[in-house]
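First comes the structure, then the notes that go with it.
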Amino acid sequence: MSADSGAVESEFWLFGYGSLIWKPPPHFDRRIPGFVTGYVRRFWQASQDHRGTPEAPGRVVTLIERSFWQTLDDPHPSGSEKIWGVAYRIEVAKVAEVREYLDIREINGYTIHYTPFHPSDGSPTIRTLVYIGTPDNDQFMGPQDPQKLAEHIHRSVGPSGLNKDYLLHLDVALDSLSAESGDEHIKDLANRVRKLEQEATVDGSRATTEAVDRELKKV
């Protein structure tokens, strides 16, 4: 069964590879873990509306076609050929409503594409809609130094919350899908941000201790 003919035409399937994994769309009646191929997932999309602001954009993930990614100088390795995520089937009566919701949620530089989705249980592929921030959109940032990118994510915040929460939630959500669903790029950034968190905690504790010592010396 092919991706184009495998699903009934009236069915609407959505592939989530970022926040949609742990923050699903409304009105879905099936949720299937699995993967797509032919892409690389990267934190290369600026976010002015969710995890940052127009003045200080955060960073969120997008998919880059692997053939294009191979022409770039990326500090991170390509990792697995599989991009793991989740496919959602939307209730037929709610498709128009959900598409409107998604268009608003993914409006900041993302466009609609379709890709074959491979369920983790080996069942036939499904044709899924996916939102991708392609390299020609204004919010595409391209390759970045991993440490600088982690520091940027660590300090960014927007209307939807802390940028670091987006990253850490994604890391945990990917690990939960299967034994092979982790993403090296995501994992490395998450570990860097966790280290920054630890350092900030230590620095904060040290500053508090020093302040207390100063006050005690005044006594």
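Values for this structure:
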quantity	calculated
Percentage, to the nearest whole number, of Cα pairs in the stretch 21-99 over 15 Å apart	68
Long-range lysine pairs (8 or more apart or interchain), the chain, Cα under 20 Å	10
Ranking by accessible area, most exposed first, for His185, His152, His50 with a 1.4 Å probe	His50, His152, His185
Protein accessible area in the stretch 14-84, 1.4 Å probe - carbon and sulfur %	52
Ellipticity estimate at 222 nm from DSSP helix runs (n ≥ 4, -39,500 (n - 2.57)) divided over the chain, nearest 500	-11000 deg cm²/dmol
Average projected area [Cα convex hull, the chain], square nanometres	14.8
The stretch 75-196: translational diffusion in µm²/s, Stokes-Einstein, Kirkwood Rh over Cα pairs, 10 °C, 1.306 mPa s	96
Rounded to the nearest 10 Å², the accessible area of Arg192 at probe 1.4 Å	70
Accessible area (Å², per residue) of the chain, counting only protein heavy atoms and a probe of 1.4 Å	51
Value of relative contact order over the chain, rounded to a whole percent, pairs C-alpha under 8 Å and six or more apart	29
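The values are calculated or read from the model by the stated rules, or taken from the named source; none is laboratory data. These numbers come from a predicted model, not from an experiment. For the accessible areas, the whole protein counts, side chains as well, though only heavy atoms, and no ligand, DNA or RNA atoms are used. Shrake-Rupley method; radii C 1.70, N 1.55, O 1.52, S 1.80 Å.
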